[in-house]
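Student: Below you'll find the structure I mean.
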Amino acid sequence: MITEQLRNEFLVRKDLTFLNFGSFGACPKPIFERYQQYQLELEQEPVLFIVKTGLDYLQESREALGQYLNCSADDLVYIVNPSHAVNLVAKNFPLKAGDEVLTTNLEYGACDRTWEYYCNQAGAQYKKQPISLPLTTKEAFVDDFFKGVNNRTRLIFISHITSSTGLRFPIEAICAKAKQLGIPTFIDGAHGPAQAPIDLSLLGADFFTGACHKWMMTPKGSTFLYVNKAYQRMLDPLVISWGFNSTTPSHSSFLDYHQTQGTRDFSAFLCIPKAIEFMNQYNWTAVSSACKVLVKSNAMRFCELVNSQPLAPLTDDFILQLFSIPIKTKHPIQLKNLLFDQYKIEVPVMPHGDQVFLRYSIQAFNTQAHLDTLYDAVSDIIKTTNLIEID
Ligand SMILES: Cc1ncc(COP(=O)(O)O)c(C=O)c1O
């Protein structure tokens, strides 16, 4: 199913055991080559590219992404990263003193900081609803989460797949219930695209950001923000430029505002159609399923090795191509550095609250041998150091 030809498409260094696709993705050769072609075309005629041909490619790229996500291309804008998207919405969302933004205690730290900053400015509260781990069922998750809703809740902000725990949250049920209650939703889907199926029309989220440069494998700095039409007029751009109060407006002020951001190289955004073509060529649903099988079939032995439990049942409801092993260590940075320096393994050791997770990612180029190397390294570290506590 995953052929040698596909494994060889990736540029990731072969002298490393690379188990951290989740942090920043990694481009396969055909997508990276397309990126370089766009950059070459840009430098060969910068004016034509920036004011005309590049904008046509951008339109084609948004249309391809709109089809992939099942939404209108005009409700999508490309931005560099999810932090940018969260800042854009948080800065503009009309919060007043006493209002609440409901989230979980398992969100990405940079996004927490953004919301805390803008909530503080408005006198509003960024409320982190505690999620009990291990997760049991989607229904229990939704019940737990909605205990945080009250008549001051103005927005729900929640991850699709979290960074440190690697868990997939039941955003479909959350968006549906929020809609019944009349609460808008903002999904932090940084890890979602190409790791989980996404149908934005069916989902009904009001805001959704997804990083294409992670699991869709496009070059760094390619991310989208989807905004339901009802909220597009609410968003002033983070960078005021020619698109603001444009004298030559296009059909969409949403695009004029957020797409026109001064001179920049937007070649990374243009590679989305190539990434979709690449995934189709290799039958990505099957590739991703094979990765998920590898993730799950190794999960228990890692948990047993460090004497811990998985954070959720080992099903596609909660676990996809990331698996976070809860470990006990007082020295996460030392442990990460040791794994890299001595064992040549690229794998993150991520503290979150009072817990620490060793998170492996599985992409098409990973094999059982990579996970065996990690297993042997962790066993060795347990035997030879006191960096991991087993009690
Ligand atoms: C869940 C989640 N949200 C947001 C982000 C922010 O991404 P960036 O730092 O690229 O803006 C990340 C990054 O990995 C993430 O995992």
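The values are calculated or read from the model by the stated rules, or taken from the named source; none is laboratory data. As the structure is a prediction and not an experimental result, all values here were calculated from the model. Backbone-built Cβ (ideal geometry, glycine too); neighbour counts: all protein chains shown. Note: areas computed on protein heavy atoms with side chains; ligands, DNA, RNA excluded. Shrake-Rupley method; radii C 1.70, N 1.55, O 1.52, S 1.80 Å.
Student: Find all pairs meeting these conditions: Cβ atoms under 9 angstrom apart; at least six residues apart or on different chains; first residue within the stretch 167-188 and closer than 17 Å to Asp144 by Cα and open to solvent by 10 Å² or more (accessible area, probe 1.4 Å); second residue acidic (Asp, Glu) and away from the ligand (no atom under 15 Å from the Cβ).
Tutor: Within 9 Å, the pairs are Arg168/Asp316; Arg168/Asp317; Ala173/Glu139.
Student: Being of a type in the set (Val, Ile, Thr) and in contact (Cβ under 8 Å) with a residue 60 or more places away in the chain: is that true of Ile272 here? Please lay out each step first, then the result.
Tutor: On the way: of a type in the set (Val, Ile, Thr): yes; in contact (Cβ under 8 Å) with a residue 60 or more places away in the chain: yes.
Yes; evaluated as a whole, the condition is true for this residue.
Student: Considering only residues that are within 11 Å of the ligand (Cβ to nearest atom) and touching a helix residue (DSSP H, G or I) at 6+ places or on another chain (Cβ under 8 Å), look in the stretch 160-174 and name the one that is nearest to Asp199 (Cα to Cα).
Tutor: Restricting to residues being within 11 Å of the ligand (Cβ to nearest atom) and touching a helix residue (DSSP H, G or I) at 6+ places or on another chain (Cβ under 8 Å), the top hit is His160.
Student: Next up: Only one of Leu11, Leu19 is hydrophobic (A, V, I, L, M, F, W, C) and either over 22 Å from the mean Cα position of the chain (by Cα) or within 16 Å of the ligand (Cβ to nearest atom) (or both). Can you tell me which?
Tutor: Result: Leu19 is the single residue among Leu11, Leu19 that is hydrophobic (A, V, I, L, M, F, W, C) and either over 22 Å from the mean Cα position of the chain (by Cα) or within 16 Å of the ligand (Cβ to nearest atom) (or both).
Student: If you scan the stretch 49-70, which residues turn out to be open to solvent by less than 80 Å² (accessible area, probe 1.4 Å) and polar (S, T, N, Q)?
Tutor: Thr53, Gln59, Ser61, Asn70
Student: Tell me which residues, restricted to the stretch 346-391, are part of a strand (DSSP E or B) and either polar (S, T, N, Q) or crowded, with 17+ Cβ neighbours inside 10 Å (or both).
Tutor: Glu346, Val349, Met350, His352, Gln355, Val356, Phe357, Leu358, Arg359, Tyr360, Ser361
Student: Would you be able to say whether some residue in the stretch 263-276 is within 16 Å of the ligand (Cβ to nearest atom), in the same structural domain as Pro193 (by TED's automatic domain parsing) and open to solvent by 30 Å² or more (accessible area, probe 1.4 Å)?
Tutor: No, there is no match, as no residue in the stretch 263-276 is within 16 Å of the ligand (Cβ to nearest atom), in the same structural domain as Pro193 (by TED's automatic domain parsing) and open to solvent by 30 Å² or more (accessible area, probe 1.4 Å).
Student: Something else now. Looking at (1) among the polar types (S, T, N, Q); (2) touching a residue at least 60 places away in the same chain (Cβ under 8 Å); (3) open to solvent by less than 20 Å² (accessible area, probe 1.4 Å), which is the only condition Thr114 fails?
Tutor: With (1) among the polar types (S, T, N, Q); (2) touching a residue at least 60 places away in the same chain (Cβ under 8 Å); (3) open to solvent by less than 20 Å² (accessible area, probe 1.4 Å) applied to Thr114, the lone miss is (2).
Student: For the stretch 58-152, list the helices (runs of 4 or more DSSP H) that sit wholly inside it and hold at least 3 residues that are away from the ligand (no atom under 16 Å from the Cβ); which are they?
Tutor: Counting at least 3 such residues, we get 109-122, 138-146.
Student: Run down Ser201, Ser222, Ser164, Ser159 and say which single residue is under 14 Å from the mean Cα position of the chain (by Cα) and farther than 25 Å from Cys119 by Cα.
Tutor: Going through Ser201, Ser222, Ser164, Ser159 in turn, the sole match is Ser222.
Student: Here's something else I'd like to know. Filter the stretch 73-99 down to residues that are in contact with a Leu (Cβ under 9 Å, 6 or more places away or on another chain) and polar (S, T, N, Q), then give me how many there are.
Tutor: So the answer is 2.
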